[in-house]
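Contents: one structure, followed by commentary.
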Amino acid sequence: MESKLLYEGKAKRVFATDNPDEVLISYKDSATAFDGQKKGTIVGKGKVNNLMSAAMFGYLEQKGIPTHFVRLVSQTEMIVKHVQIIPFEVVVRNVVAGSLSKRLGIPEGVVLDEPVREIYYKDDELHDPLVNDDHIRLLGKADQRTVDTLREMATKINSLMKPFMAARGLTLVDFKLEFGLFKGEIILADEISPDTCRFWDSQTNEKLDKDRFRRDLGGVEEAYEEVLRRISGGVNK
Ligand code: TMP
């Protein structure tokens, strides 16, 4: 069956299904970093990101977080609710890394007493700028209540994901979330994967995420597989 391609991004394709309320996401092995300047392939990434996202959405649903996940279709494909994406990304940080380290001059690895939350405006041409509540009001793409809800949901998701990862020997350093509107409700969308989170091995602090690709650390495929192995197996906290 030929399905209509609705959207093609850097890491996934979205297809229409027979049900207007659902779309199919197909995860790709292609990877980009630094706003698309660096390009490559991570063999098996599509599978890891699809299966890991399914596992995380299942866990979060069970804990009361509404998500777009409906069901897996194959190793690299899932059916999700057809949401309207809210054009703001929420980043939650537990440990200093990446752009926070650069922006504020704090070394990577400093553990934060309280999670730091940031909102970025999803706009490729503007390179997804960091925005504050006044900027969001000025942009007029979401009202204050929606933004407050995104922050609250992201905080709750962090408090659920941190112990889940810790039980699997992973420090949840930071992650990025996207949300969508479905029949008037704000639900978690996009993906939860080594592309969108930083995971460090709890014992060794070895990086087990996309930073291995971004920073040419080698062992990229192995790190993705290792995270999936730890998420899929093991304890069910
Ligand atoms: P950052 O330190 O580069 O701002 O990234 C923070 C977190 O957000 C990190 O876990 C990676 C994730 N992220 C994305 O998922 N997509 C992006 O485009 C960027 C810049 C970061």
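The values are calculated or read from the model by the stated rules, or taken from the named source; none is laboratory data. As the structure is a computational prediction, the values presented were derived from the model and not from experiment. Cβ: placed from backbone, ideal geometry, glycine included. Neighbour counts: every protein chain shown. Only protein heavy atoms, including side chains, enter the accessible area calculation; ligands, DNA and RNA are left aside. Shrake-Rupley method; radii C 1.70, N 1.55, O 1.52, S 1.80 Å.
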For the range 174-214, convex hull of alpha carbons as volume per residue, Å³: 63 Å³
Computed over the range 25-71, Kirkwood Rh from alpha-carbon pairs, angstrom: 12.1 Å
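Quick check for me: using +1 on Lys/Arg Cβ and -1 on Asp/Glu Cβ, what's the dipole size of the chain about its Cα centre, in debye to the nearest 20? Intermediate results must be reported in sequence, preceding the final value.
Details: 35 positive and 38 negative charges, 74 e Å.
The dipole magnitude comes to about 360 debye.
Determine the share of the range 79-163's accessible area contributed by carbon and sulfur atoms, expressed in whole percent, with a 1.4 angstrom probe. Provide the component values of the computation, followed by the final result.
Details: 2480 of 4800 Å².
C and S fraction of accessible area: 52 percent.
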Dipole of the range 104-199 [Lys/Arg +1, Asp/Glu -1 at C-beta], most positive-end residue of THR196, SER159, ASN132: SER159
Cleavage-rule hits (chymotrypsin sites (Phe, Trp or Tyr not before Pro)) in the range 1-65: DSSP loop, at most 13 neighbouring Cβ within 10 angstrom: PHE34
Separation of the LEU217 and THR204 label points, Cα + 7 Å toward Cβ, nm: 1.1 nm
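Any idea what the alpha-carbon Rg over 2.2 N^0.38 Å comes to for the range 89-212?
Here the Cα radius of gyration is 1.09 times the empirical estimate.
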Accessible-area value, GLU185, 1.4 Å probe, nucleic acids and ligands omitted, Å²: 90 Å²
Efficiency of FRET from Cβ geometry, ASP18 and ARG137, R₀ 41 Å, rounded to 0.05: 0.55
Shape call, the chain: gyration tensor on alpha carbons, a/c limit 1.5: rounded
Amide H within-cut-off set for ASP174, under 5 Å, with H built and near neighbours excluded: ASN94, ARG198
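What is the gain in length, in nm to one decimal, between ASP35 and LEU6 on full extension, counting 0.36 nm per residue of separation less the C-alpha to C-alpha distance? Let's see the in-between values first.
On the way: separation 29, 0.36 × 29 = 10.44 nm, distance 2.18 nm.
Result for the pair: 8.3 nm of gain on full extension.
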Charge dipole of the range 1-144 about the Cα centre (unit charges at C-beta), most positive-ward option of GLN84, ALA16, GLY36: GLY36
Backbone N within the range 66-95 under 20 Å of label point (7 Å from THR146 Cα along the Cβ vector): 66-69, 81-92
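May I ask you to order 45-55, 98-108 by the average number of other C-beta atoms within 10 Å around their residues, highest value first? Write out the running numbers ahead of the final one.
On the way: 45-55: 22.6, 98-108: 12.5.
Final packing ranking: 45-55, 98-108.
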